[in-house]
Amino acid sequence: THEGYQRLADPVTHTREIVFDKPSAEIRVTDEIACSGEHEVELFWHFSERCAVRLVDDAVVAANDGVSVTLRMPGSGWQAGLVSGREEPPLGWISRRFDEKVPTFTAVWCGRVSGTTKLVTLLTLAGRPAEPPEHAHRV
């Protein structure tokens with residue numbers, strides 16, 4: 001639970017629940033926005049610069065090393081967008097060391113909520129990473 005928006009004229013509390021269903025390889029992320037009035041909401045999902053990320057219909061698909069994840073917000077009516085390397089305001093960057101940044105993809109869903117609302121993002125996993133070589137050490 002995050003209460004960083006309590007300072008607003010209409011205070012907002014954000015609660016997130018994450019549930020993993022192993023048989024279906026699906027992660028269900030439920031964001032509850034508790035408020036009385038109407039608010040603009042943005043949900044951001046950040047990806048490694050090593051991921052190939054694309055929009056497919058109403059979903060975002062990210063793939064890397066034989067594994068992919070598909071993100072959807074069924075029933076929300078919200079459309080996903082992708083941002084990479086935007087300067088103002090800054091979005092779609094990753095920094096792995098001081099004073100260095102490289103563009104990467106950030107998926108953004110934007111919409112309005114009125115009163116307490118639950119938003120569900122489904123992440124469906126596919127593929128399996130290759131097995132490490134026999135001489136590799138597992139930690």
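The values are calculated or read from the model by the stated rules, or taken from the named source; none is laboratory data. Fair warning: this is a prediction, and the values are worked out from it, not measured in the lab. FYI the Cβ positions are ideal-geometry reconstructions off the backbone, even for glycines, and counts take in every protein chain you see. The accessibility values were calculated without ligands, DNA or RNA, using every heavy atom of the protein model including side chains. Shrake-Rupley method; radii C 1.70, N 1.55, O 1.52, S 1.80 Å.
If V53 meets every condition in (1) hydrophobic (A, V, I, L, M, F, W, C); (2) farther than 29 Å from E3 by Cα; (3) surrounded by fewer than 17 Cβ atoms within 10 Å (Cβ to Cβ) apart from one, which number is that one?
(3)
Count, please, the residues in the stretch 15-43 that happen to be open to solvent by 60 Å² or more (accessible area, probe 1.4 Å) and of a type in the set (S, T, N, Q). Can you show your working first?
Initially, the stretch 15-43 is screened for residues open to solvent by 60 Å² or more (accessible area, probe 1.4 Å), giving 16-23, 28, 36, 38, 40, 42.
If we keep only those that are of a type in the set (S, T, N, Q) too, we end up with 36.
Summing the residues that are open to solvent by 60 Å² or more (accessible area, probe 1.4 Å) and of a type in the set (S, T, N, Q) in the stretch 15-43 gives 1.
Are there any pairs with C-beta distances below 8 angstrom linking a residue in the stretch 88-110 that is touching a residue at least 40 places away in the same chain (Cβ under 8 Å) and within 26 Å of V41 (Cβ to Cβ) to a residue that is in a strand (DSSP E or B) and among the acidic types (D, E), with the two at least 6 apart or on different chains, and if so which?
V108/E42; W109/E42; C110/E40; C110/E42
Exactly one of these conditions fails for V12: (1) free of Cβ contacts under 8 Å to residues at least 60 places away in the same chain; (2) surrounded by fewer than 16 Cβ atoms within 10 Å (Cβ to Cβ). Give me its number.
(2)
When you look at S84, is it touching a residue at least 12 places away in the same chain (Cβ under 8 Å), among the hydroxyl-bearing types (S, T, Y) and surrounded by 14 or more Cβ atoms within 10 Å (Cβ to Cβ), yes or no? Reasoning before the result, please.
On the way: touching a residue at least 12 places away in the same chain (Cβ under 8 Å): yes; among the hydroxyl-bearing types (S, T, Y): yes; surrounded by 14 or more Cβ atoms within 10 Å (Cβ to Cβ): yes.
So S84 fits the description; yes.
Look at the stretch 16-42 and say how many of its residues are touching a Phe, Trp or Tyr at 6+ places or on another chain (Cβ under 6 Å) and modelled with pLDDT under 95. Working first, answer last.
Taking the stretch 16-42 and keeping what is touching a Phe, Trp or Tyr at 6+ places or on another chain (Cβ under 6 Å), we get 27.
Still in the list and also modelled with pLDDT under 95: none.
Number of matching residues: 0.
What strands (runs of 3 or more DSSP E) lie completely within the stretch 1-95 and have 2 or more residues being over 17 Å from the mean Cα position of the chain (by Cα) and farther than 21 Å from L122 by Cβ? Before the answer, list the steps.
Working: elements: 2-5, 12-21, 26-34, 38-46, 52-56, 59-64, 67-72, 80-84.
So the answer is 2-5, 12-21, 38-46.
Could you check the stretch 97-121 and list, in sequence order, the residues that are buried (at least 18 other Cβ atoms within 10 Å of the Cβ) and either polar (S, T, N, Q) or outside any strand (DSSP E or B) (or both)?
Answer for the stretch 97-121, where residues must be buried (at least 18 other Cβ atoms within 10 Å of the Cβ) and either polar (S, T, N, Q) or outside any strand (DSSP E or B) (or both): T104, T106, T121.
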